[in-house]
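Read through the structure below, which is laid out as structure tokens, and then see the notes.
The values are calculated or read from the model by the stated rules, or taken from the named source; none is laboratory data. Just so we're clear, the structure is a prediction, and the values are computed from it rather than from any experiment. Glycine gets a Cβ as well: all are built from the backbone with ideal geometry, and neighbour counts include every protein chain shown. Areas reflect the complete protein model, heavy atoms only, side chains present, ligands, DNA and RNA absent. Shrake-Rupley method; radii C 1.70, N 1.55, O 1.52, S 1.80 Å.
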Amino acid sequence: MTTLGIESETAIDVEEERRERQKKIYRVAQWMLPSLVLLFMVGGWQAYVTIAEVPHYILPSPLLIGQTLINDWGLLWPAMAVTGRLTMLALLFAIIGGLSMAIAFTQSKWVELAMFPYAVVLQVTPVVAIAPLLQIYVDSAFVAALLCAWLVAFFPILSNSIIGLKSADHNLQDLFKIYGATKWQKLRYLALPSALPFFLGGLKIAGGLALIGAVVAEFVIGRAGTGLGLASTLLEASYRFNFGRLYAALILISVMGVAIFGLMSLISYCFLFRWHESALKKEA
Amino acid sequence: MMNSATVVQRNELLRMSHIEKKFRGDIVALRNLNLSIKEGDFLSLLGPSGCGKSTALRLIAGLLSPTSGTIDWQGGKGDDDLGVVFQEPTLMPWARVKDNVWLPFRLRGKSFASVNGEIMQALQLVGLEDFQNAFPRELSGGMKMRVSIARALVTRPRLLLMDEPFAALDEITRHRLNEDLLALRQAIGCTIIFVTHSVFESVFLSDRIVVMAARPGRIIGELNVDVPYPRSEAFRTSPEYASAASAASKILEQAMGEVI
């Protein structure tokens, strides 16, 4: 009996060790593999441009793009700041607008009945089609672009928050009723915490959409010589066949998108990691 | 049945008279329900699903109102008179154990600090004072149910309503919680109405078993279990237990026979 026990114990240890080792390998591979892919792609790209002598106005080499990033930084950085400000402000207003509208809709059936169709109409109308109008009615190009980005970003927050606010556990709702909770208490202590995971899911989508909205708005509104942010810079560079700058701007926009996604994921994790199923690490 | 229990005149806590509850489409959930609950009762509502036992509980809780008939609380129903335990633990997953237990007070506008003593006492009663800072997901099913009971008892209600609270637990945990519930009741002495579909659970726990039948939901019999508290695990193997269980089963069978 005892020998058997010891044997199986060591067997478990070996198994455990193997699993640990695999986990470590996985952790390294998680970073190594994408980096290698990137290295090969950029290397292949550089080699192709150099060997085939591709002209820079058709495909700039990664080296040239890198140089442009450094040389044009004085131009690219302010543009990035503008696009960043546009995106974050749009997202902020989308949170305020989406969340307060969702609360209004769930607090009053009548408000929802009256207003929800228009929220949908706002969402499904392509922002590219509204942008020229906004440009006419709003003096400031920045404000017009902000409105565009807001229009795109607010809907996922609104619809997710509505679902979340309605998803509170029924027994908990009964319990709040038994204890005579006020409408405000039900909202503050039950509906809002229940909605949090849904809201944060919406926020992740809205973050990406706010950037897309900002880029589209800059394309449409920034064209009138108002020279807004990165997207305007990109468009202008394409007119001038300055493909090095075009790629540099494109890379920076991608970097911003990744950064926003990372930030939203971090916010989501910080709010949920203690209690929500989505943030749980499964036992191996 | 043993008749050793001394007959003490106890005050009536709650009286349901001629309760009729219809749902949409004239489905009769309860027909002519008359029930008098006395202070200190441990009353089980026993019956098959669909017999209206949960409906009766929700009527008492004030979550439903009867189509006709009255429910009278002796001395009127106060704010803290009622505690409820549902079939699921029904905890707020985002709140720590102690904050979950704080809820009934919190909804009355009482700060945590002002009721800290009551909260800790309630957690002690269910043996979870060491888990006050845990989140519900860190607890087992039985422990979650204990938190739920602590929350229901924290205001020291006159009446505790329990709607099949242990039905989803495994048998070992259920037996353990049955005993702990009896010990709890011994300690704080509140009245309990306990909904269950288990004959054995109702016999072990209660001193009054009200048997109900379905279609329409109604009371078909009542049974006293005159075995004095405290009852221990040994009670489960005693002849009194067996005879009470077979008596309750007989009433249930009669009801089922009518339907089939």
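Key figures for this structure:
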item	result
Lone qualifier among A:G208, A:G164, A:G213 - being in contact (Cβ under 8 Å) with a residue 12 or more places away in the chain, buried (at least 18 other Cβ atoms within 10 Å of the Cβ), in contact with a Pro (Cβ under 9 Å, 6 or more places away or on another chain) and not in a loop (DSSP other than H, G, I, E, B)	A:G164
Condition broken by A:I70, with the remaining ones in (1) without any contact (Cβ under 8 Å) to a residue 24 or more places away in the chain; (2) within 16 Å of A:P156 (Cβ to Cβ) satisfied	(2)
Residue match in the stretch B:223-234 (condition: among the hydroxyl-bearing types (S, T, Y) and either modelled with pLDDT of 90 or more or assigned to a helix (DSSP H, G or I) (or both))	no
Of all residues in the stretch B:135-182 being of a type in the set (G, A, S) and either surrounded by fewer than 16 Cβ atoms within 10 Å (Cβ to Cβ) or touching a residue at least 60 places away in the same chain (Cβ under 8 Å) (or both), the one that is nearest to B:G52 (Cα to Cα)	B:A167
3 or more residues away from chain A (no Cβ under 13 Å): qualifying helices (runs of 4 or more DSSP H) within the stretch B:76-175	B:112-125, B:141-153
Selected residue [within 14 Å of another protein chain (Cβ to nearest Cβ) and at negative phi] from A:K166, A:K183	A:K183
Qualifying residue in the stretch A:274-284 (condition: aliphatic (A, V, I, L, M), in contact (Cβ under 8 Å) with a residue 12 or more places away in the chain and in contact with a Leu (Cβ under 7 Å, 6 or more places away or on another chain))	no
Subset tally (residues that are modelled with pLDDT under 90 and of a type in the set (S, T, N, Q)) for the stretch B:158-204	1
Hits in the stretch B:211-231 (condition: open to solvent by 30 Å² or more (accessible area, probe 1.4 Å), under 19 Å from the mean Cα position of the chain (by Cα) and either hydroxyl-bearing (S, T, Y) or farther than 13 Å from B:L45 by Cα (or both))	B:D226, B:P228, B:Y229, B:P230
Complete set of residues in the stretch A:123-143 that are open to solvent by less than 70 Å² (accessible area, probe 1.4 Å) and assigned to a helix (DSSP H, G or I)	A:Q123, A:V127, A:A129, A:I130, A:A131, A:P132, A:L134, A:Q135, A:A141, A:F142, A:V143
B:I60, sole failed condition from (1) within 12 Å of chain A (Cβ to nearest Cβ); (2) in contact with a helix residue (DSSP H, G or I) (Cβ under 9 Å, 6 or more places away or on another chain)	(2)
Set A:L151, A:L92, A:L113, A:L86: member being more than 14 Å from chain B (Cβ to nearest Cβ), open to solvent by 60 Å² or more (accessible area, probe 1.4 Å), within 17 Å of the chain's Cα centre (by Cα) and of a type in the set (A, V, I, L, M)	A:L92
Filter result for A:P156 (in a helix (DSSP H, G or I), within 11 Å of chain B (Cβ to nearest Cβ), at pLDDT 90 or above and out of contact with any Lys or Arg (no Cβ under 8 Å at 6 or more places or on another chain))	no
Qualifying residue in the stretch B:56-64 (condition: in a strand (DSSP E or B) and touching a residue at least 40 places away in the same chain (Cβ under 8 Å))	no
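Here's the yes/no breakdown for (1) of a type outside the set (D, E, K, R); (2) over 30 Å from A:C148 (Cβ atoms); (3) surrounded by 10 or more Cβ atoms within 10 Å (Cβ to Cβ):
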{"site": "A:E20", "(1), (2), (3)": "no, yes, yes"}
{"site": "A:M41", "(1), (2), (3)": "yes, yes, yes"}
{"site": "A:Y48", "(1), (2), (3)": "yes, yes, yes"}
{"site": "A:E53", "(1), (2), (3)": "no, yes, no"}
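Matching residues to (1) in contact with a Ser or Thr (Cβ under 9 Å, 6 or more places away or on another chain); (2) open to solvent by 10 Å² or more (accessible area, probe 1.4 Å); (3) outside the structural domain of A:L263 (by TED's automatic domain parsing):
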{"position": "A:K177", "(1), (2), (3)": "no, yes, no"}
{"position": "A:K183", "(1), (2), (3)": "no, yes, no"}
{"position": "A:K186", "(1), (2), (3)": "no, yes, no"}
{"position": "A:L190", "(1), (2), (3)": "no, no, no"}
{"position": "A:S194", "(1), (2), (3)": "yes, yes, no"}
{"position": "A:E218", "(1), (2), (3)": "yes, no, no"}
{"position": "A:G229", "(1), (2), (3)": "yes, no, no"}
{"position": "A:G244", "(1), (2), (3)": "yes, no, no"}
{"position": "A:L250", "(1), (2), (3)": "no, yes, no"}
